[in-house]
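Beneath this line is the structure, given in structure tokens, with notes to follow.
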Amino acid sequence: MARVHRLVLLIDRFTDICGRGLAWLVAAMALLTAAVVLLRYGLELGSIAAQEAVTYLHATLFMLGAAYALKNGAHVRVDIFYQRFTPRTRAWIDSLGAIVFLLPLCAVIGLGSLAFVAQAWSVHETSADAGGIPAVFLLKTLLPLMAANLALQGLAEVLRNALTLAGDTPA
């Protein structure tokens, strides 16, 4: 059981570090959006690359932040029922949800996106817009990274729930 505790803590720590780092993207996105608006409407200057950078930051935040949201219980669920359940019942529901829905979905997204991402990397896919960011292949790489990151945190959740069901609680 101690090894399972350590593994859950290790995955949680990784997810926390990633999530806290990603939180800084919100500030960067807000500043960049303000700059784009000021340039466009204040100075009548436009930048497709800056606009695309906001999209890239937004995509990175949400794709890689999904695991952090899962860890902190920020995903959608029907809380009106869930809050009334015992911790043991919650552990069963969360475990079954992760095993039946989350982990298979991560596998489908992760494996299904590999050819798509590999093709983008093979041609170093760039923006379709002149002056755009020449790194669409990096943006597409977020798909399998999101799947792997979310699956890793899903595994931690299943293990944490298994500990609860076994009468143990992680540190």
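The values are calculated or read from the model by the stated rules, or taken from the named source; none is laboratory data. Fair warning: this is a prediction, and the values are worked out from it, not measured in the lab. As a convention, Cβ positions derive from the backbone with ideal geometry for all residues, glycine included, and neighbour counts pool all protein chains shown.
Below is a table of values for the structure above.
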item	result
Answer from D94, D129 - the residue that is surrounded by 12 or more Cβ atoms within 10 Å (Cβ to Cβ) and charged (D, E, K, R)	D94
Residue match in the stretch 101-112 (condition: modelled with pLDDT of 90 or more, over 19 Å from the mean Cα position of the chain (by Cα) and either over 21 Å from A74 (Cα atoms) or exposed (fewer than 12 other Cβ atoms within 10 Å of the Cβ) (or both))	no
Residues satisfying the stated conditions in the stretch 1-57, i.e. over 18 Å from the mean Cα position of the chain (by Cα) and of a type in the set (F, W, Y)	Y41
The stretch 9-21 residues that are free of Cβ contacts under 8 Å to residues at least 40 places away in the same chain, paired with ones that are surrounded by 14 or more Cβ atoms within 10 Å (Cβ to Cβ) and assigned to a helix (DSSP H, G or I) (beta carbon under 7 Å, 6 or more apart)	none
Residue pairs meeting the criteria (Cβ under 6 Å; at least 6 apart or on separate chains; first surrounded by 14 or more Cβ atoms within 10 Å (Cβ to Cβ), in the stretch 40-67; second in a helix (DSSP H, G or I) and of a type in the set (S, T, Y))	V54/T33; A67/T15
Residue check for A135: surrounded by 16 or more Cβ atoms within 10 Å (Cβ to Cβ), within 24 Å of the chain's Cα centre (by Cα), under 16 Å from T55 (Cα atoms) and of a type in the set (G, A, S)	yes
Checklist (1) touching a residue at least 60 places away in the same chain (Cβ under 8 Å); (2) more than 27 Å from R13 (Cα to Cα) applied to S95, failing item	(2)
